[in-house]
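Below is one structure, written out as structure tokens; comments come after it.
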Amino acid sequence: MRLHAVSAALLALGVAATSPAHAHDYKAGPLKIGHPWSRATPGGARVAAGYLTVTNTGTEPDRLTGGAIEAAGRGELHTMSMEGGVMKMAPLADGLAIPPGQTVTLAPSGHHLMFLDLTTPLKKGERVKGTLRFERAGTVPVEFAVESLAAKAPETRSEKGPEAHDHGGHDHGH
């Protein structure tokens with residue numbers, strides 16, 4: 001069962017093939033939120049990941065502190081990095097800074113939202129209601145477009161293939 005959970009987590013985080021379509025954008029004050037999306041999940045999966053861009057067009061910094069979807073018990077903001085040839089994932093307890101005039105990208109194999117304790121599978125073609133939490137802009141309602149199980153980030157986003165994946169002692173509730 002543990003192997004199945006790890007496989008589902010890897011699929012949710014970035015084993016890729018096609019590009020998401022039908023972009024949708026949101027605005028919260030000076031923040032422009034671009035195309036929140038997730039991948040479809042296999043039956044029995046307990047985790048999914050969320051991806052998007054945030055552009056700060058204002059003069060003050062803001063900070064993404066978290067996010068959630070209706071189909072998950074909880075959400076966390078995470079980062080991924082390579083250490084000694086092993087992909088490591090860790091929560092970002094202090095959130096993610098969004099400096100004025102900058103765009104921050106949440107994408108496979110990098111910063112992402114982790115949706116834990118899924119209550120229902122995510123199905124391709126659905127829009128899943130969710131929220132993003134910002135220090136200044138507050139809570140922003142969004143919908144995550146569910147792409148194929150193997151979807152990649154749009155071509156403008158970079159992606160590194162997960163050669164290996166280690167939760168580094170971080171428990172995802174499975």
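The values are calculated or read from the model by the stated rules, or taken from the named source; none is laboratory data. Values in this document were obtained by computation on a predicted structure and should not be read as measured data. Methodologically, a virtual Cβ is constructed for each residue, glycine included, from the backbone with ideal geometry; neighbour enumeration extends over all protein chains shown. Ligands, DNA and RNA are excluded from the accessible area calculation, which covers all protein heavy atoms including side chains. Shrake-Rupley method; radii C 1.70, N 1.55, O 1.52, S 1.80 Å.
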query = What are the residues in the range 95-119 that are open to solvent by less than 60 Å² (accessible area, probe 1.4 Å), assigned to a strand (DSSP E or B) and closer than 22 Å to Gly29 by Cβ, if any?
reply = Leu96, Ala97, Ile98, Val104, Thr105, Leu106, Leu113
key: Residues within the range 129-153 that are farther than 23 Å from Gly29 by Cα and touching an Asp or Glu at 6+ places or on another chain (Cβ under 8 Å), tallied   = 3
note = Within the range 35-94, residues farther than 26 Å from Arg136 by Cβ, open to solvent by 20 Å² or more (accessible area, probe 1.4 Å) and either out of contact with any strand residue (DSSP E or B) (no Cβ under 7 Å at 6 or more places or on another chain) or in contact (Cβ under 8 Å) with a residue 40 or more places away in the chain (or both) come out as Pro42, Gly43, Gly44, Arg46, Gly73, Met82, Glu83, Gly84, Gly85, Val86, Lys88
